[in-house]
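I have placed the structure first, in the form of structure tokens, so that the comments after it can refer back to it.
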Amino acid sequence: MAAYWVFAVYAIGAVILTRGQDAVWALWAAPAYATAAVMLPRLRASGGRAASVAVITAAFAVGMPLLVLLAQNQLAAGMVVIDRSASLLVQHGTPYLASRQLSSWIAYNPYLPTMALFGLPSALGLQGAPGNPQVWLVLVTVAVLAATFAASASHPVSECDDCRRSVIRYTAFAAACPVLALNLTVTTTDAPVLALILLSLALAARPDRTAASAAALGLACSMKPTAWLAVPVLAAMLLTRDGTKAALKFTGTTLAFLAAATIPAIIASPQAMIDNTVLFPLGLTRQLTPADSFMPGDLLAQTGPAGHVLAVALLLAAGLAVAASLIWRPPATSRAAAWRLAFGLALMFGLGPAERFGYFIYPLSILGWLALTKRADERRPASMPVPGPPAGAAS
């Protein structure tokens, strides 16, 4: 109830201060949050299910504004890029325009090749909502979130009615949270990457799910470099908890997914991939993104070449600091790894030269997942496998 009131205040502020698609979201979300905050205690007093409140709130805070924006048939910049990259992938085998064709910032594709898969339905001829990459991004994100909470449940969801209801409630609540709801409504490319990172963290809590955790993270890493920091963090955790073999297997599987996605594009046009996925995100191209973040690194980069070099140096220093922390004090559990990852991402996004404030969806959502799953982790029965050293590890 308290969370919904906080969400309502945030959405009301967005109604007053924002314009465009953000305002459309806020106009739907504010009354949805307020209604949920009023109805939840009454429903619980009458013996009703909190899951129904969460689902209805998510429908009005995400579903309705998304339908309104879809009806306007105006793709956001990120969706335009995905649409074009999918067509290029089908026609030319690479999702990137050649260097000579990069005449404006919107011509760049800063995403890794797997992100283009969301545009394949359109590239293959589907029209309307079935061909809209926004729809697929939202559906995949919600599905992966549900899988994440199912993996975090205190009992197998196939055997426990309470756990199934909890998965529904937590998935709907997470989707309706403003941090994620706004990104789902205006459909940024960060939501599915974030969901896969959370799924990887949830699966890594159990030693018997390390391969599945690596597969989830490998998919995220093959979409956006924002997921890459999770690889050394989780590898360090597995090295501490399960030993060298488990850490190497996890890292190898993750990198295999990344290599399978990127090597064909590198072979097809190495310079195009460097220009799109390396130089443009670092602000080292003639055409720069118009997005402003007012983060320390972004403000430094705007002062001139010297400031830009300093911002890049600070970003490298932040990465080295996180690496040093993993060596000297590695996390021993997936929850500890999540805390370290959230801190590292916040540090890097704050100091990067061309980062967006929207990237803070990652650390904020990781903290939210930790809060929502804490009780389930504490209730996990002794009969279920729990994180711990493998048999014979002492030897």
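Each value in this text was obtained by applying a stated rule to the coordinates, not by laboratory testing. Since the model is a prediction, treat every value here as computed from it, not as a measurement. Positions of Cβ are generated from backbone atoms using ideal geometry, with glycine treated the same way; all protein chains shown enter the neighbour counts.
A compact table of results
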| read-out | value |
| --- | --- |
| Peptide ranges 192-205, 264-277 listed from the most packed, as the mean C-beta count within 10 angstrom indicates | 192-205, 264-277 |
| The chain - Cys residues lacking any other Cys C-beta under 4.7 Å | CYS177, CYS221 |
| Residue among HIS155, HIS92, HIS308 with the largest mean-square fluctuation in a Gaussian network model of the chain, springs linking Cα atoms under 10 Å | HIS92 |
| Candidates LEU139, LEU239, LEU126, ranked by Gaussian network fluctuation over the chain, Cα under 10 Å, top entry | LEU126 |
| Helical segments meeting 18 Å axial Cα length and Kyte-Doolittle -1.0 threshold in the chain (DSSP H) | 2-17, 20-45, 77-92, 133-151, 161-176, 190-204, 244-268, 305-328, 334-351, 361-379 |
| Gap separating the Cα centres of the stretch 1-29 and the stretch 176-234, nearest whole Å | 26 |
| Cα-centre dipole for the chain with unit charges at Cβ (Lys and Arg positive, Asp and Glu negative), debye to 20 | 680 |
